[in-house]
Amino acid sequence: MRLSMSRVLVVAIAGLCLVGCGSQTASNEAGGGQDRSSDDCPLTAEALTKATALNWELREKKEDHPLETAESIKATVCLYTAADAPQRGSDPLVMRADVVTGADAAAVRKDFSDTCTEYGGKVRSSASPEGAVVCDRDGSVVEGVIGSDDRVVSVYLGNADKATAAKLTPAFDQILAAVN
């Protein structure tokens with residue numbers, strides 16, 4: 001499975017963010033409890049756990065974060081980790097969800113399609129929910145988008161190795177269905 005340069009950059013940045021987090025959790029940073037409201041991030045750790053059978057934790061949330069692929073576009077970025085699915089270097093599996101609203105949402109959806117096909121993937125409709133699309137590369141799905149021209153959520157695994165990507169491909173439709 002080949003990753004686009006933008007995804008490689010995101011993985012590197014996500015890794016740096018996780019290193020910077022240390023043992024401090026996202027709930028401590030926000031000053032709230034372990035269970036965050038659904039208004040904060042488009043997914044809950046519980047929904048990810050149910051969809052994937054891995055134990056996920058919300059590690060970090062950033063508001064008005066410039067996207068690495070288009071710095072003029074700001075997003076709410078939520079990083080989740082699953083320590084029980086170690087990847088290369090024993091790093092936890094990372095999932096990222098970006099929420100973009102307003103006029104930039106359509107640009108994010110188009111960039112998703114362009115990047116997917118540019119790197120040999122095929123954009124296809126998700127089995128669930130309606131309006132969601134995923135990028136299938138070499139039989140694996142590790143990224144998808146859901147939303148409209150007013151609000152789009154891009155969800156992707158940042159550092160999944162081939163075995164993990166293959167294992168989680170059937171769950172990706174359920175992950176997108178859990179987005180609120």
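Accessible-area rank, largest first, for LYS110, LYS50, LYS61, LYS122: LYS50, LYS122, LYS110, LYS61, with all protein chains present and a 1.4 angstrom probe.
Over the range 27-180, how many pairs of lysines fall under 19 Å by alpha carbon, counting only those 8 or more apart in sequence or from different chains? Working shown, then result.
Values: LYS50/LYS167; LYS61/LYS74; LYS62/LYS74; LYS74/LYS110; LYS110/LYS122; LYS122/LYS162; LYS122/LYS167.
Count of close lysine pairs: 7.
For the range 56-180, the square roots of the Cα gyration tensor eigenvalues, ordered a ≥ b ≥ c, give a/c of at least 1.5 with a/b no greater than b/c, which places it in the oblate category. Accessible area per residue for the range 100-178 is 45 Å², calculated with a 1.4 Å probe on protein heavy atoms, without ligands, DNA or RNA. Couplings for the range 132-142, taken from phi via the Karplus curve 6.51 cos²θ - 1.76 cosθ + 1.60 with θ = phi - 60°, read 8, 10, 10, 10, 9, 10, 6, x, 10, 10, 10 Hz in order; Gly and Pro are left as x.
Spin-label model, GLU130 to ARG88: label points 7 Å out along the Cα-to-beta-carbon direction sit 4.1 nm apart. Given axes a ≥ b ≥ c from the Cα gyration tensor, I'd like to know whether the range 47-109 is rounded (a/c under 1.5), prolate (a/b larger than b/c) or oblate. Note, shape of the range 47-109 comes out prolate. For ASN55 and THR117, the FRET efficiency from 1/(1 + (r/R0)^6), where r spans their Cβ atoms and R0 equals 30 Å, is about 0.35. Proximity of backbone amide H atoms, modeled 1.01 Å from N, is registered between GLN87 and LEU93 at under 5 Å, excluding neighbours fewer than 5 places apart on the same chain.
The values are calculated or read from the model by the stated rules, or taken from the named source; none is laboratory data. Keep in mind that this is a model prediction, so the values were computed, not measured. So basically every Cβ, Gly included, is an ideal-geometry build from the backbone, and we count neighbours across all protein chains shown. Just the protein is used for accessible areas: all its heavy atoms, side chains included, with ligands, DNA and RNA removed. Shrake-Rupley method; radii C 1.70, N 1.55, O 1.52, S 1.80 Å.
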